[in-house]
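Down below is the structure, laid out as structure tokens.
The values are calculated or read from the model by the stated rules, or taken from the named source; none is laboratory data. Note that this is a predicted model, so its numbers are computed, not measured. Virtual Cβ from ideal backbone geometry, glycine too; neighbours counted across all protein chains shown. Side chains are part of the model used for accessible areas, which takes the heavy atoms of the whole protein and leaves out ligands, DNA and RNA. Shrake-Rupley method; radii C 1.70, N 1.55, O 1.52, S 1.80 Å.
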Amino acid sequence: MAALLRGNWSFYKRCSRHVDIMMASCRSMASKTPVGFIGLGNMGTPMARNLLKHGYPVIATDVFPESCKELQDSGAQILGCPAEVAEKADRIITMLPSSPNVIEVYTGPNGILKRIKKGTLLIDSSTIDPAVSREMAIAAEKTGAVYMDAPVAGGVGAASLAKLTFLVGGVEVEFNAAKELLTCMGANVVYCGQVGTGQATKICNNMLLAIGMIGTAETMNLGIRLGLDPKLLAKILNMSSGRCWSSDTYNPVPGVMEGVPSANSYQGGFLTTLMAKDLGLAQSTSTNCQIPIPLGSLAHQIYRIMCARGYANKDFSSVFQFLREEGLQ
Ligand code: NAD
């Protein structure tokens, strides 16, 4: 039935809202048809594996063959490029590093839109510029496809445990069709509004996260230099008004908490380079709409300097180590 609707797209487009509702319900009926997945990195691989666990055949690709091997071993079919995936799947999820990668994967010479089937649902979970999400949605619409942005809150651990939070932007009538897949990979799927609003929400959250982490790191560093025991200081902060997620759940000081990147030489977690990227998005979007973000801008500079000083591939809580080393010079 979904194929029938896709074949008659131009007719149905004329009565678009009615058709939108029918397309959305057809997609949810086609529940175990193959799902395309593009971008098999730290996040994409465990996310795609959770789709496989829920019984969805996965057709995937990545530029690095070694990234594909792991998912192939879990049962996915691997193809050569995004266009090939688009030929075979009418629901495709992308999980790519940044805006230029998304533009390439959707609109490049071997991109999804080159061979897309009408009526395909495209869900981009990468964290990118909301303006690029809007551009991709327009390009997708021209081919008769639907594009939604659905960036995630939560890191690699949450991706493995299917506990991500998806922040979804796009046509509301398609939300349930997207949700059917996203609930296999996440604990929360939140509709934020029109296309790009998922990205806007994500950018705001990560800006606050970065500011909170830097604040926690510099507070802990000062306290330690004033002779306070770090565990005691953290305990007191966490029962006082200074408490925040970076102090009570993800403390950046080695030895204060177990099971966080600071307890493991800042390995794993959320890379400093990705935080610098997300702060760059906050910076450029705030410049475009002329909204002052003085602390967000400062956080951006701090994370950029950290990348230049060798912290790019450490967890973003390594800002504590960076500040401590700065103080020793
Ligand atoms: P990653 O770099 O580990 O993975 C991205 C994958 O995309 C790589 O395997 C890369 O080879 C592939 N890729 C790039 N260009 C491609 C192309 N043209 N065709 C096919 N594949 C291509 O990144 P990640 O950590 O998985 O993050 C993905 C996105 O999720 C980013 O936007 C990031 O900001 C966001 N995010 C990451 C985390 C985290 O903790 N890692 C948390 C929340 C959100």
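Please list, in order, the residues from segment 136-170 whose amide nitrogen is less than 15 Å from a point placed 7 Å along the Cα→Cβ vector of Leu208.
It comes to 153-154, 167, nothing else.
Leaving out ligands, DNA and RNA, what percent of the accessible area of segment 32-193 is carbon and sulfur, probe 1.4 Å?
54
Which of rounded, prolate, oblate describes the chain, given a ≥ b ≥ c as roots of the alpha-carbon gyration tensor eigenvalues and a/c under 1.5 marking rounded, otherwise prolate only if a/b is larger than b/c?
It comes out prolate by the Cα gyration axes.
Between Met239 and Phe64, with labels modelled 7 Å along Cα→Cβ, what's the label distance in nm to one decimal, could you check?
Rounded to a tenth, the inter-label distance reads 4.5 nm.
Among Ser67, Ser99, Ser240, which one shows the highest mean-square fluctuation when the chain is modelled as a Gaussian network with alpha-carbon springs under 10 Å?
Ser240
Just to be sure I understand the model, the point goes 7 Å from the Cα along the line to the Cβ. What's the resulting Asp229 to Val190 distance in nm?
Going by the 7 Å Cα→Cβ label model, 3.7 nm.
Could you work out how much longer the chain between Ile291 and Thr249 gets when fully extended? Use 0.36 nm per residue separation minus the Cα distance between them, nm to one decimal.
Once the chain is fully extended between Ile291 and Thr249, it gains 12.1 nm.
For every helix of n ≥ 4 consecutive DSSP H residues, a contribution of -39,500 (n - 2.57) applies; sum these over the chain, divide by its total residues, and give [θ] at 222 nm rounded to the nearest 500 deg cm²/dmol.
Mean residue ellipticity, 222 nm, calculated: -15000 deg cm²/dmol.
Give me the angle, in degrees from 0 to 90, between the Cα long axis of helix 44-53 and the longest principal axis of the Cα atoms of the chain, rounded to the nearest 10.
60
How much length would be gained if the chain were fully extended between Glu87 and Lys142, taking 0.36 nm per residue of separation minus their Cα-Cα distance, in nm to one decimal?
18.1 nm
Using only Cα atoms, tell me the angle between helix 272-288 and the longest principal axis of the chain; keep it within 0 to 90° and round to the nearest 10.
It is inclined by approximately 70 degrees.
Taking only Cα atoms and a 10 Å spring cutoff, compute GNM fluctuations for the chain and point out the largest among Asn176, Asn42, Asn264.
Asn264
Could you check which residue among Phe64, Phe166, Phe270 shows the biggest mean-square fluctuation in a GNM of the chain with a 10 Å Cα cutoff?
Phe64
Counting Lys +1, Arg +1, Asp -1, Glu -1, what net charge surrounds Pro230 among other residues with beta carbon under 15 Å of its beta carbon?
Once all neighbours under 15 Å are counted, the net charge is 0.
Can you give the Rg/Rh ratio of segment 32-193, where Rg is from the C-alpha atoms and Rh is the Kirkwood radius?
Reported Rg/Rh (Cα atoms, Kirkwood Rh): 0.92.
Relative to the longest principal axis of the C-alpha atoms of the chain, give the angle of the C-alpha long axis of helix 319-328, reported between 0 and 90° and rounded to the nearest 10°.
Taking the Cα atoms of the chain, the angle to 319-328 is about 30 degrees.
DSSP beta bridges in the chain, what fraction antiparallel, as a percent rounded to 5?
15
Can you compute the modelled spin-label distance between Glu104 and Gln72, with each label point 7 Å from Cα toward Cβ, in nm?
So the label points at Glu104 and Gln72 sit 2.0 nm apart.
So with the 1.4 Å probe, I'd like the accessible area per residue for the chain, rounded to whole Å².
Ligands and nucleic acids excluded, the figure is 46 Å² per residue.
Antiparallel versus total DSSP beta bridges in segment 32-193: what percent is that, nearest 5?
If we restrict to bridges inside segment 32-193, about 10 percent are antiparallel.
Can you list residues whose amide H is under 5 Å from Arg91's amide H, if they're 5+ apart or on another chain and H is modeled 1.01 Å from N?
Distant-sequence amide H within range of Arg91: Gly36, Leu121.
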